[in-house]
1. Let me confirm something: among Val206, Val193, Val132, which residue is crowded, with 18+ Cβ neighbours inside 10 Å, touching a Lys or Arg at 6+ places or on another chain (Cβ under 9 Å) and not aromatic (Phe, Trp, Tyr)?
2. Quick one: how many residues across segment 46-90 are part of a helix (DSSP H, G or I), crowded, with 20+ Cβ neighbours inside 10 Å, touching a Lys or Arg at 6+ places or on another chain (Cβ under 8 Å) and not small (Gly, Ala, Ser)?
3. Could you count how many residues in segment 87-116 are among the small types (Gly, Ala, Ser) and within 17 Å of Phe54 (Cβ to Cβ)?
4. Can you find, within segment 115-125, the residue that is surrounded by the fewest Cβ atoms within 10 Å (Cβ to Cβ) among those that are part of a loop (DSSP other than H, G, I, E, B) and of a type outside the set (Gly, Ala, Ser)?
5. Residues Ala190, Ala240, Ala183, Ala247: which one is under 20 Å from the mean Cα position of the chain (by Cα) and assigned to a helix (DSSP H, G or I)?
6. Which one of the conditions (1) surrounded by fewer than 14 Cβ atoms within 10 Å (Cβ to Cβ); (2) in a helix (DSSP H, G or I); (3) in contact with a strand residue (DSSP E or B) (Cβ under 9 Å, 6 or more places away or on another chain) does Ala171 fail to meet, given that it meets all the rest?
7. Kindly provide the set of residues from segment 157-168 that are modelled with pLDDT of 95 or more and crowded, with 22+ Cβ neighbours inside 10 Å, ordered by number.
8. Looking at segment 50-84, which of its residues are at negative phi, charged (D, E, K, R) and touching a helix residue (DSSP H, G or I) at 6+ places or on another chain (Cβ under 7 Å)?
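The values are calculated or read from the model by the stated rules, or taken from the named source; none is laboratory data. Keep in mind that what you see is a predicted model, and the values were worked out from it rather than measured. Here the Cβ positions follow ideal geometry from the backbone for every residue, glycine too, while neighbour counts run over all protein chains shown.
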Amino acid sequence: MTPSTLREQLEAPGMIIAPGAYDGIGARLIEQAGFGAVYMTGAGTSAARGYPDFGLLTMTEMVENAAAMARSIGVPLIADADTGYGNELNVTRTVREFEARRVSAIHIEDQVAPKRCGHLDGKQVISRSEFVSKIRSAVQARRSSEFVVIARTDARAMHDLEEAIWRANAALDAGADMAFVEATQSLAEAVAVPQQVNGPCVLNVVPGGRTPLFDLRQAEEWGYKMAILPGLMFMAGLKAGDEALAALKATLIAPDSSESVAQLFRRFGADEWDELRTRFNAGATMGL
């Protein structure tokens with residue numbers, strides 16, 4: 001049985017695999033597929049609102065999307081919190097807002113705002129001291145020790161792996177629960193991260209990105225504690241949508257479904273709501 005909280009999963013043997021989603025539909029599908037955690041992708045959340053992953057969404061938009069996803073599932077939600085949306089005061093509010101909405105973890109990065117997708121060119125990072133201060137404020141802002149703070153560094157792109165490792169370890173020393181070295185650029189670098197970082201590490205799996213793809217069982221052997229797959233549902237949805245629309249355009253025949261409408265809504269809790277309807281309509285049927 002999968003441990004219920006993210007803390008329990010972090011303390012248990014094995015690596016957590018958290019496929020990415022950007023809405024309640026994707027989050028439900030991931031849970032129903034048997035995964036023990038869901039990742040809220042910032043890139044997908046941006047795209048779902050018609051924007052590229054250029055740091056254009058506000059903290060409020062990200063938090064409210066996380067809230068919708070968290071209430072849709074019974075497994076932990078890990079959310080992208082970008083740069084924390086400002087200085088230490090903004091980071092403090094960011095942590096409190098995500099935590100209040102039942103999000104289990106967030107990651108905060110050291111990019112200059114507005115940030116960019118970690119696998120694009122043109123990134124810039126803040127100073128070491130600013131980053132460590134943000135992480136320290138995030139750790140102190142949480143109201144429960146169950147809330148997990150993940151420190152992400154994008155310094156590999158601007159500097160080198162040595163600088164990224166230094167920042168990851170400094171963030172852990174400041175109280176972060178996990179380290180996330182973004183966009184390692186070779187297999188050797190990916191292997192080196194969990195060997196040189198003094199705490200549990202997150203691997204970001206991005207097809208077409210900077211980090212080579214490899215079997216996730218290898219990542220676990222190398223020492224990674226969590227793998228997130230931000231684009232999994234995003235790219236699968238784009239592909240399936242393009243194919244369905246092309247078929248409709250070509251044939252003008254609506255595709256049949258393997259599920260009835262009732263079966264479809266049952267996947268999103270219809271049985272629970274029908275039971276509530278029956279229970280609270282009992283008085284009406286008895287003439288009360």
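1. Val132
2. 1
3. 1
4. Asp121
5. Ala190
6. (1)
7. Once the filter is applied, which keeps residues that are modelled with pLDDT of 95 or more and crowded, with 22+ Cβ neighbours inside 10 Å, segment 157-168 yields Ala164, Ile165, Arg167, Ala168.
8. If the condition is that a residue be at negative phi, charged (D, E, K, R) and touching a helix residue (DSSP H, G or I) at 6+ places or on another chain (Cβ under 7 Å), then Asp53, Asp80 are the ones that fit.
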